[in-house]
Each structure stands twice: as C-alpha cells, then as structure tokens.
Amino acid sequence: GSTLHLRCLLWGANKPKRFPPSHSHLQDNVEREETWLSVWVHEAKGLPRAAAGAPGVRAELWLDGALLARTAPRAGPGQLFWAERFHFEALPPARRLSLRLRGLGPGSAVLGRVALALEELDAPRAPAAGLERWFPLLGAPAGAALRARIRARRLRVLPSERYKELAEFLTFHYARLCGALEPALPAQAKEELAAAMVRVLRATGRAQALVTDLGTAELARCGGREALLFRENTLATKAIDEYMKLVAQDYLQETLGQVVRRLCASTEDCEVDPSKCPASELPEHQARLRNSCEEVFETIIHSYDWFPAELGIVFSSWREACKERGSEVLGPRLVCASLFLRLLCPAILAPSLFGLAPDHPAPGPARTLTLIAKVIQNLANRAPFGEKEAYMGFMNSFLEEHGPAMQCFLDQVAMVDVDAAPSGYQGSGDLALQLAVLHAQLCTIFAELDQTTRDTLEPLPTILRAIEEGQPVLVSVPMRLPLPPAQVHSSLSAGEKPGFLAPRDLPKHTPLISKSQSLRSVRRSESWARPRPDEERPLRRPRPVQRTQSVPVRRPARRRQSAGPWPRPKGSLSMGPAPRARPWTRDSASLPRKPSVPWQRQMDQPQDRNQALGTHRPVNKLAELQCEVAALREEQKVLSRLVESLSTQIRALTEQQEQLRGQLQDLDSRLRAG
C-alpha cells in the first residue's frame, strides 16, 4: 500500500499543468521570452483544529488574481501533508503568485495565504532548485505556516535552428548522457531532466528508442534482481513515467474512467479489515470487494484492442532483451513493473491525479479504491497475500483463479501488431520551448558537475556554452560515441580516429610524424608495417644486352671463392633477393604534407597492415560499417521528413496569414468607403 501511495505522489508531482501557447508556430523562428513556473506544496502546520478537521483543507495557486490549480483536500489533527507539484509552461506575463489555504466547510473561508512577487523568485541570486522554506500564513493564527518550494524562471527561447547541435547530441547520444549524469543527480533533477528529454525526443520521433534503451540498461544494472526492477529513482524510471503519461492518457480514460468514476460516487462500504468492520457485516463487504475487483480486472484485460502501440513496441523490445540475456522469465516482470506498478494501480488509487475524477474521492470510496489497487497489483505480481495483510487472505482464491488471464494479458500487450501503422513523428506544440527548457536544465546541471564528467560529455559543454553566449556552435556532433579522455591518446597510437578533442586538450597529443623524422625512421620504429614475404614486389631481372660492336677476346675470369656476397656498388641492379635488414631501394627523405589538426592527420596515415598495402578491410568490419551507414541514412530520412513537415506547416500558416491580411485590408477599405 505504501509503495502504491508513493507512486501516486510521484505522478501527482509530475502532473502537467499547461496553458495554451501564447505564440503561433510562426514565432518558432524568432527569439522570445517565456515564463516557466514550478510549485511544490508540501505541508501546513499551526491551523486551528476545527478548520483542519473534516471535510478538509485545500491549497490553491493564484496568479495575478486568477486561479491556476488546487491540491486534493487533506484533513486531520496536526499537520496537513500534500506533497503535490504543479508545473506551468507558456504563462502569460504576471507579477504576483499567491498560495491560499481554503477550508471545504460551510462558506469555504480562506484560512491563510502567502503572497510572493515573481521578480524575487527569478532574481539571479535565487537558488537554481527554487526557494523552499516555511512561509508564514497571513490571516492565520501566530505560528501557522505553509512549507512549499517555488521556482520561477523567465526563459529566453531562441529560434529552433539555434538548438540544432543540442538536438543532434540528444538524438544520437542520450544513452551516454544518462550514464554520465545518473550518479551525479538527485531524484528531483532526474525527474525534470527525464521529462525534458522525453518531450524533445517525442517531437523528433526518438522517445520510443530512448525508453527502450534506458529500460534495457536498467535491466542490466539490476543484474536480474526482480525486486529492484523499476523501483528506484533513476533516469530510466522517470523517463518511463513521463513517456507513459504522454502516450497512455487516452488509454487510461477509455479503460478505467467509467468504472473508477462509478466507484468514487458509490456509497457502498467495502472495508474488510476486522478491526474496522463489524463481524456481522464482514461477509457482505468481502463479496462487494470481490465483485468490484472483478469489474476492474475485466475492463483491464479487455483493453488490449485500444492499448497504445508505442508502449507495445517498448514492452516487446524489453522482452527480447531478456530473452537474449537468458532471463526470459523477467520479461513479464518488466511489463508488470512499468504498466501496473507505475500506471494502472496508481491511477486506481488516486484517480484525481490522473484526470479520471475531478476531485479526490471521499474517505469511503478512497478506501475501496485502495483495496482494489492492492488486489490488482498482487495479481500482476503473482504474489498472494500473507501474514502482513492476513485480512486480505480471502482474495487469494481470486488471485489464483485469474492468474492465467493476467499472464495472457501481459503477453498480449508485449506483442507488436505488424498491421499497425508506425507512430513516427508525433509533432510538437512548441519544440523551441522544449529545447530551451532542456538547455536551461543542462546548464544548471553542468554548473555543478565535476570537470572530469564534463570532459567525458564533450562536445555537449561546448554546445551549451555557445548557445548561452549567443555564439555560433563551432563543433559538430559525432555520429558515434567518442572515447573517454583516458583512452583518446592510446587510440591515436592505435590508429583510431577520435570523436572529439577539446581545444585545450590539443597539446596533450603529439603528431604521428614529427618535423625532424624521416620516413625511414618511421619505418624503423615500425610505425608503418613492412610488406610480408609473400606480398613483396617481384624482383626486376636485367634485360639481355645485344652488342652491336665487337670487343677484344679475354680469358674468362676465374671465380673466386668467397664466404659472402661481394660488396655491391651504389646504384647497381639487384640480381637476387636482398637481405631483409637492409633494403636496396632507398626511401625518400621528404615528408608528406601534414594537415593542421591531429584528427585529420590521423585520417591520412595507414592504420594497419592491410590498409598500408591497399588491401580491403575484413568482411565483418565492412558489414558493420555498412550497417552503420544504413542506420545513419534512416536517421537522416526521419530528420528530413521532420524538416519537410515543419516547412509545410510554416508555408500553410504563411498563406493563411496572407489571406487574413488581405481580408483585413478589404474590410478596412470598405469601412473607409462607407
């Protein structure tokens, strides 16, 4: 129960509160400023006992006199605890934020309020994580306070083309970025970064690959330990949560909306804890709970027809990864840990946080939903109720009866429908804004990151700095993962091309051929490979000479016995195989033209014996390169289609603008004529 409650709080902390964009798509290519606001409402203390009692107290968020959002009601003696987060994007210009505590009793009186100026929250001295403290409540008794964290920021949104290199790095190197930042970030920063990455990559059609790869990496990190799968605060779990919010909201409404709203409005008591229920009513309550669980379970297992295809592809990829690792049994566990633990059961437990109900249910229906969520989660986990919750033991027969149907459903949702159309590009209401949010978050993270980690993520720090300073980005994003700095120098000597070298690191790498070296010294040091005996060039044989004039007859010379060959004059022809230690063919002492940068020089040098002799690479290496080229071509096609789609939208909007301008001029001329 506590785990499910925590999942609901995490979802509520991520619940998006968005306003319609205040700018059209045409302004995606102009610089502008947007207001970005996040508010965490934690708890309140010091309220009068009568006011804090039933039916409860809400916290309301007001911006310049307009109500933005409100929390679920909380009641009880002592402190009131909410732990809810609200995030606002593309807000209109505003000056003041107000937090008000309002009772739900007769009159709905305001019990206290906190007023803040947005300029103070966005000041340069304000902490990057936001302002968090106990705020005294105005209009409340002395000592009454509200603990909250507020972060406001005015984002400078540049034209989307200025974020080109940032988008490319995220598209090709998200796994490397997550691996480097995972141990350095707190849970809240992971949540915000994962959400920004998923939104950007969903707009470019790569969010599905992100979630698939991070889930597979999470499987490898846990080492097959089922108890840890998707149960920790990692970038993988946060990205999966955000992705499911984006693709499964309609699925939740279609599957659980009707039945959950009926349960929220019901007055039937389903309490089965003997300590809270009279013994005479217990059998009736148990029957009600079983019937409600039957209803909810039936709606879930029959939801396959409208299950999101994007999630099905992700689940299928995870199960294939488990199969390749020899842990096929973990496949259903991955699906269960994401679909039920992080989506369906939290939605049953707290429907108002998932948009399934307008308000938090009353205590009676809330208890019923809690018990139903327990049963469905244990059914998915194949875990019967034990001594810890012995009063739920009567539901073990339900778990055993419906276990096969649950496993069939888990298998179904992890199967890819070959007839379904691929999701592809999902579009974006404001891609430039999402990239600006990601850029701001990465700048905040890198400001507190150690130098070693920053170096391993080059050229990303260079890209972020150039965008921040308004300078052109002078680096290109490699299409494969660069090596860590510790391996760059060794890779140079081995003949591999580095992905990126920061300018400050250039002095660390020496040229392959110095100015004072000759080709002979390079060959002696075996920097270049010598030909193998079976690949040596054929020896030149002297041509027979036909003399045209007579010569004096001489006695044939007597062959002199010798232990070795005669000394051969310089420039004479070779009549046989030359000694391997001293080749007769002289090497040129001139140096080849040396490029100006180390990695270009590295490209010009032969890298192994086969390359030195002009032979082809091994077949398997060539196949790998061909696969890489094919993958990059597919990526290029996707990006090209994205650019073409955006261009089409811009042209259509431009034509519409011209038509409206013509109509406006026509009306203006008519008004003047009249």
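The values are calculated or read from the model by the stated rules, or taken from the named source; none is laboratory data. Everything numeric in this text was worked out from a predicted model, so none of it was measured. Virtual Cβ from ideal backbone geometry, glycine too; neighbours counted across all protein chains shown.
Quick notes on this structure:
- Residue in the range 248-277 that is modelled with the highest pLDDT, counting only those that are crowded, with 20+ Cβ neighbours inside 10 Å and closer than 30 Å to LEU170 by Cβ: LEU252
- When ALA180 is tested against the conditions (1) touching a Ser or Thr at 6+ places or on another chain (Cβ under 8 Å); (2) at pLDDT below 90; (3) in a helix (DSSP H, G or I), the lone failure is (2).
- Residue in the range 197-217 that is at pLDDT below 90 and over 21 Å from the mean Cα position of the chain (by Cα) present: no
- Note on the range 228-244: residues that are within 13 Å of ARG202 (Cβ to Cβ) and either among the acidic types (Asp, Glu) or surrounded by fewer than 21 Cβ atoms within 10 Å (Cβ to Cβ) (or both) total 1.
Table: residues versus (1) more than 30 Å from the chain's Cα centre (by Cα); (2) surrounded by fewer than 21 Cβ atoms within 10 Å (Cβ to Cβ); (3) within 25 Å of ILE372 (Cα to Cα); (4) of a type in the set (Phe, Trp, Tyr).
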position: ARG290; (1), (2), (3), (4): yes, yes, yes, no
position: GLU320; (1), (2), (3), (4): no, yes, no, no
position: GLU324; (1), (2), (3), (4): no, yes, no, no
position: CYS345; (1), (2), (3), (4): no, no, yes, no
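- Residue check for LYS164: part of a helix (DSSP H, G or I), touching a Lys or Arg at 6+ places or on another chain (Cβ under 7 Å), at negative phi and at pLDDT 90 or above: no
- Unmet criterion (only one of (1) in a strand (DSSP E or B); (2) more than 24 Å from LEU353 (Cα to Cα); (3) free of Cβ contacts under 8 Å to residues at least 24 places away in the same chain) for LEU67: (2)
- Verdict on GLU60 being over 16 Å from GLY130 (Cβ atoms), in a strand (DSSP E or B) and among the charged types (D, E, K, R): yes
- Among the candidates PHE307, PHE315, PHE297, residue that is surrounded by 15 or more Cβ atoms within 10 Å (Cβ to Cβ), more than 30 Å from LEU201 (Cα to Cα), of a type in the set (A, V, I, L, M, F, W, C) and touching a residue at least 12 places away in the same chain (Cβ under 8 Å): PHE297
- A single entry from PRO404, PRO346, PRO351 fulfils the requirement of being closer than 21 Å to HIS302 by Cβ and touching a Lys or Arg at 6+ places or on another chain (Cβ under 6 Å): PRO346.
- The range 433-465, residues that are more than 17 Å from VAL198 (Cβ to Cβ), touching a Lys or Arg at 6+ places or on another chain (Cβ under 9 Å) and assigned to a helix (DSSP H, G or I): CYS443, PHE446, THR456, LEU460, PRO461
- Number of the exception - ASN233 against (1) closer than 30 Å to GLU191 by Cα; (2) over 28 Å from the mean Cα position of the chain (by Cα); (3) assigned to a loop (DSSP other than H, G, I, E, B): (2)
- Residue match in the range 381-402 (condition: assigned to a helix (DSSP H, G or I), farther than 26 Å from VAL200 by Cα and under 33 Å from the mean Cα position of the chain (by Cα)): yes
- Residue pairs meeting the criteria (Cβ under 8 Å; at least 6 apart or on separate chains; first within 23 Å of PRO384 (Cα to Cα) and at pLDDT 90 or above, in the range 398-420; second among the β-branched types (Val, Ile, Thr) and assigned to a helix (DSSP H, G or I)): PHE398/VAL375; LEU399/VAL375; ALA405/ILE301; MET406/ILE301; CYS408/ILE301; PHE409/ILE300; PHE409/ILE301; LEU410/VAL335
- With respect to the stated conditions, ARG162 fails to be surrounded by 20 or more Cβ atoms within 10 Å (Cβ to Cβ) and without any contact (Cβ under 8 Å) to a residue 60 or more places away in the chain.
- Taking (1) charged (D, E, K, R); (2) closer than 30 Å to ALA447 by Cα; (3) modelled with pLDDT of 90 or more; (4) in contact with a Phe, Trp or Tyr (Cβ under 6 Å, 6 or more places away or on another chain) in turn, ARG96 satisfies each apart from (4).
- When THR255 is tested against the conditions (1) among the polar types (S, T, N, Q); (2) outside any loop (DSSP other than H, G, I, E, B); (3) out of contact with any Ser or Thr (no Cβ under 6 Å at 6 or more places or on another chain); (4) within 25 Å of LEU353 (Cα to Cα), the lone failure is (3).
- Here ALA140, ALA148 are screened, and the one residue that is assigned to a loop (DSSP other than H, G, I, E, B) and in contact with a strand residue (DSSP E or B) (Cβ under 7 Å, 6 or more places away or on another chain) is ALA140.
- Helices (runs of 4 or more DSSP H) lying entirely in the range 282-376 (those with 3 or more residues that are polar (S, T, N, Q) and out of contact with any strand residue (DSSP E or B) (no Cβ under 6 Å at 6 or more places or on another chain)): 282-301
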